[in-house]
Amino acid sequence: MGARVARMFRNFNLENRALREISKEKPNTAPRHAASVPPPPVSSDVSESVKQKNVPLLAHLRSVYVESRDPEAAAAETLTEVAVSREAERRPLRVSFPGGMFGLRELTDVPKGKLTITEALKALGSYQYQPQTWTPEKIAQEYSLDLKDTEAILEFFIPFKVEIIPPKTRSAKQIKAS
């Protein structure tokens, strides 16, 4: 109800107030800037000092010695050092799919401490089916992994495990575990 009363006061005599506002005299616009102003005069002393030679500055300039090197040669040296250090940190690929998967090029080596998806599935599957043969220590040694990380992976990532949840009612169909 309060909104109706407020709307009545707001809309009271609306047309008269609008006409009064429209009929007010508009403010004048600001004058435009004069475009044909001549540039300030340049003193002849400044132009003369610019054109003269400064002998002490020329002497200092001649005493400066600049030695430059080819940046491409320095960059090539650092790249070869990085490539040598990267070769020491990589290991050959253990398992791979035949052909390029998804149209990607085939990997030949992997950084130490990392696995490809194929190697991870192979390691997890072999641990699941033969835990006496494939111990966490053997998997860590085989794939150049940290033992702590390997144990965590084997504990928390369990591939190919299917859990069958029983239905809430007995009349529902259920998949038989074989």
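Bear in mind that the values in this text are calculations on the coordinates, not laboratory data. Since the model is a prediction, treat every value here as computed from it, not as a measurement. Cβ sites come from the backbone with ideal geometry, for glycine too, and all protein chains shown count toward neighbours.
Loop only per DSSP, at most 13 neighbouring Cβ atoms within 10 Å: give me the trypsin sites (Lys or Arg not before Pro) in the range 1-85, ordered by residue number.
Those that pass, being in a loop and sparsely packed, are Lys24, Arg32, Lys53, Arg69.
Where does each of Leu124, Leu61 land when they are ranked from fewest to most other beta-carbon atoms within 10 angstrom?
Ranked by crowding around the Cβ, least crowded first: Leu61, Leu124.
Please list, in chain and number order, the residues 5+ apart from Trp134 or on another chain whose amide H is under 5 Å from its amide H, with Hs placed from the backbone.
none
For Ser44, Ser36, what ranking results if the residue with the fewest other Cβ atoms within 10 Å of its Cβ goes first? Numbers along the way, then the final one.
On the way: Ser44 8, Ser36 4.
In increasing order of surrounding Cβ atoms, one gets Ser36, Ser44.
Using DSSP to define loop residues, name the GluC sites (Glu not before Pro) in the range 32-76 whose beta-carbon has at most 15 other beta-carbon atoms within 10 Å. Walk me through the intermediate numbers first.
Working: sites: Glu48, Glu67, Glu72; in loops: Glu67.
Passing both the DSSP loop test and the Cβ count: Glu67.
Using a cut-off of 15 Å between beta-carbons, work out the net charge of the residues near Glu151 (Lys and Arg +1, Asp and Glu -1, Glu151 not included). Mind showing how you got there, number by number?
Working: positive: Lys138, Lys148; negative: Glu137, Glu142, Asp146, Asp149, Glu155.
Neighbourhood net charge equals -3.
Amide H of Arg90: which non-local residues (sequence gap of 5 or more, or other chain) have their own amide H closer than 5 Å, using H built in the peptide plane?
Amide H to amide H, under 5 Å and 5 or more residues apart or across chains, Arg90 pairs with Lys112.
Suppose the chain between Glu89 and Tyr129 were pulled fully straight at 0.36 nm per residue; how much longer would it get relative to their current alpha carbon spacing?
11.3 nm
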